[in-house]
Amino acid sequence: FRMYSIVVRLERNMYTIRKMTQSYAKDYLNWRYPAPYEFYNIPKEYHEAELKAIMAPSAHWFCVEKSGSEMVGFYQYTPLKNGAVEIGLGLKPDYTGKGYGLKFVRGCVQFGRQQFGGESATFLLRVAEFNKRAIKTYRRAGFQDCGRAQAMTRTMAWAQEAAKPVSFLCMKLSA
């Protein structure tokens, strides 16, 4: 797979996207989001397994790095058999709710096109339906609703109401 570096501008700084490092993956596992986004917090007892999954040779995880010293977000890509690419992405809690989301999502798509399918690539994502802020940002970036799903996820096991399934909005961005 080809490795490109891309620079994204958020606020007044430039950010570099590169392959996830073990150090940054460990940082990510310790991120803590405030309510109502604590759903995304990963408890310590799951860190070892999550780190192994993130760093697996077949995993496509990338860090978004500020000035070579701080990871401000991550992009994760899963190429599907039908040619589409499923994406996962997250901003560090300190950067959420400050207007960086749209450029961050566009950077994810731009980098994904370079790495996984060119300009004709279709991107898919699932977002928890309660996360209205992210849904609004994805729609502004051109993603369209394409379905809903209920799922018990590993993340749900970490929530206080572990027996309750999570509702996800499925979204799609076509070329």
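The values are calculated or read from the model by the stated rules, or taken from the named source; none is laboratory data. Just so it is clear, the structure is predicted and the values come from calculations on it, not from any experiment. So basically every Cβ, Gly included, is an ideal-geometry build from the backbone, and we count neighbours across all protein chains shown. SASA here: full protein model, heavy atoms, side chains in, ligands and nucleic acids out. Shrake-Rupley method; radii C 1.70, N 1.55, O 1.52, S 1.80 Å.
For Ile135, the requirement of being free of Cβ contacts under 8 Å to residues at least 40 places away in the same chain, closer than 20 Å to Glu38 by Cα and open to solvent by less than 20 Å² (accessible area, probe 1.4 Å) is met. Taking first residues from the range 112-124 that are without any contact (Cβ under 8 Å) to a residue 40 or more places away in the chain and partners that are of a type in the set (Gly, Ala, Ser), the Cβ contacts under 7 Å between residues at least 6 apart in sequence or on separate chains come to Gly112/Ala121; Arg113/Ala121; Gly117/Gly83. Those strands (runs of 3 or more DSSP E) of the range 51-133 in which at least 1 residues are among the hydroxyl-bearing types (Ser, Thr, Tyr), considering only elements entirely within it, cover 70-79. Considering only residues in the range 36-60 that are open to solvent by less than 50 Å² (accessible area, probe 1.4 Å) and touching a residue at least 40 places away in the same chain (Cβ under 8 Å), the one that is nearest to Gln115 (Cα to Cα) turns out to be His60. Go through the range 99-132 and give me each residue that's within 26 Å of Lys81 (Cβ to Cβ), open to solvent by less than 70 Å² (accessible area, probe 1.4 Å) and charged (D, E, K, R). Hit for the range 99-132 is Arg113, nothing else. When restricted to residues that are at pLDDT 90 or above and either in a helix (DSSP H, G or I) or farther than 16 Å from Tyr77 by Cα (or both), the range 16-36 contains 13.
Mind listing just one residue for me: the one in the range 61-88 that is free of Cβ contacts under 8 Å to residues at least 24 places away in the same chain and in contact with a strand residue (DSSP E or B) (Cβ under 9 Å, 6 or more places away or on another chain) and, of those, surrounded by the fewest Cβ atoms within 10 Å (Cβ to Cβ)? Please lay out each step first, then the result.
Within the range 61-88, the first condition is being free of Cβ contacts under 8 Å to residues at least 24 places away in the same chain, and the residues that meet it are 69-70, 76, 78, 81-82.
Those still in the list that are in contact with a strand residue (DSSP E or B) (Cβ under 9 Å, 6 or more places away or on another chain) too: 76, 78.
On the way: Gln76: 16, Thr78: 14.
Here the residue is Thr78.
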